[in-house]
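Heads up, the thing below is written out as structure tokens.
Values in this text are rule-based calculations from the coordinates and carry no lab data. All values reported here derive from a predicted model rather than from experimental measurement. Positions of Cβ are backbone-derived with ideal geometry, glycine not excepted, and every protein chain shown enters the neighbour counts.
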Amino acid sequence: MNRMNDERLEAYLEGEIPLEELPAALRDEERMLSDALGMLREDVRAPAALKGAVMAEIARRPRSRLRALVEWLVLPRPISVSPAMGGALAAAVVAVLLLLPAGEPTDRAGEPAAAVATPDPVVTRFVFVAPGASQVSLTGDWVDWDPDGISLTELRGSGVWTVDVPVPPGVHEYSFVVDGTEWRPDPLAGEPVDDGFGRANSVLMVAAAEA
Amino acid sequence: MQTLSDRELVERARSGSHDAFGALVERYQDPLFRYARHMGFAEADARDILQDAFIRAFRHLDRCSDPDRFDGWLFKITANLCRTAASKGANRDEHGLEEVMLLETNPDPETAAEASSRRRRIRAALAELPEDQRQATVLFYLEGYGVKEIAERAEASPSAIKMRLKRARESLKAALRPLEDEVRSA
């Protein structure tokens, strides 16, 4: 395709010019493709039973009260609360809720949950290289994917960002957020995993500290 | 409930309102179901994909960082599930069964058979495209989205989407030209 045709085609794809303004050969091709693909177009509606099935499953396994409460605290709301304060409040509520009767369904309904000693968090250092970034934060499952996350500090304008964070023992998924919008896995960690929501997360294994 | 914005519904659903989430399901189930069908999935598979997508979305509403763009977030979940299902070889042959059922109920079986044959070949040409090109093609030619909207949904730049569409056009032209010639000579 010559350069001019290529530019016209791009303008058409962008919606800047109508089909009629394409050169004749391109116009014919485009009509052929539109007609052919149009044969696959279906004006279908979702099956009537779909919504019922979704709602039944949701009702069967509702979101936990703990998660809803943590979200209520950490998600953006009209009132002004600094991320640090939000995180502190969330941590406080989590600590309080851990002392309350379990809100999650258990396999042994009606039986009180056995008291389990929660292992102490382990301070873990995270390092991320992002030259030119104006802010980098860390988020992960142990902070319920709070998009404000935990702020990293840049080492003297070097583009190297770091933070030491207490992380509960266990296997965690995490990600860095550059300039508040760009989610990036940790290149210093192993192979990232697909989170099923269009993002790749890094995996971190934290062993419990020895007593 | 249907008059509320996505943001209001998401916030109510986060607070535990199933009715609010039900309103979101009603709002987006038809376009997403159509997308899954256009991506080549049989009705039963498309239904399963959507059911899974809505349940995942509900369970992970906290990950929807911008409730005003809930539709784009939900689309990404659905598109990822479509990709996963396709990689597992979700039964595209079901389309063949559906075509047979259409033929059986059509009053003009000869014409219907020709149209059915064409659709199968067009569907096969579409299925041969790499997944990212197929998605761009479906969204542009079948769903009627513009390049910028596709770019947002596919998390790619408009330039990348245009390139995918141009490459897809070349492949589809080569695959569909003989079909077009057959129709002309008939």
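Odds and ends about this structure:
- Computed from label points 7 Å out along Cα-Cβ, the spacing between B:Ala156 and A:Leu155 is 3.8 nm.
- Inter-label distance, B:Glu26 to B:Ser117: 4.6 nm, where each label sits 7 Å from its Cα along the C-beta direction.
- Amide H to amide H distances under 5 Å link A:Val129 with A:Trp161, where only residues 5 or more positions off or on other chains count and H is placed in the peptide plane.
- Estimated FRET transfer efficiency (B:Ala44, A:Ala200; beta-carbon r; R0 25 Å; 0.05): 0.25
- Spin-label model, B:Lys173 to A:Glu57: label points 7 Å out along the Cα-to-beta-carbon direction sit 4.3 nm apart.
- Counting all C-alpha pairs of region B:1-78, share separated by more than 19 Å (%): 31 percent
- Placed amide H near B:Glu143: partners under 5 Å, 5+ positions off or other chain: none
- Amide H contacts under 5 Å for A:Gln135: A:Asp179, restricted to partners 5 or more places along the chain or on a different chain, H placed in the peptide plane at 1.01 Å from N.
- Crossing angle, helix B:43-59 versus chain B [Cα axis fit, 0-90 degrees, rounded to tens]: 20 degrees
- Taking chain B as the region of interest, the number of lysine pairs whose Cα atoms are within less than 19 Å, with members eight or more places apart or on different chains, is 5.
- With respect to chain B, whose longest principal axis is taken over its alpha-carbon atoms, helix B:158-185 is tilted by about 30°.
- Rounded to the nearest 500, the 222 nm mean residue ellipticity of chain B from helices alone is -25000 deg cm²/dmol, with -39,500 (n - 2.57) taken per DSSP H run of at least 4 residues.
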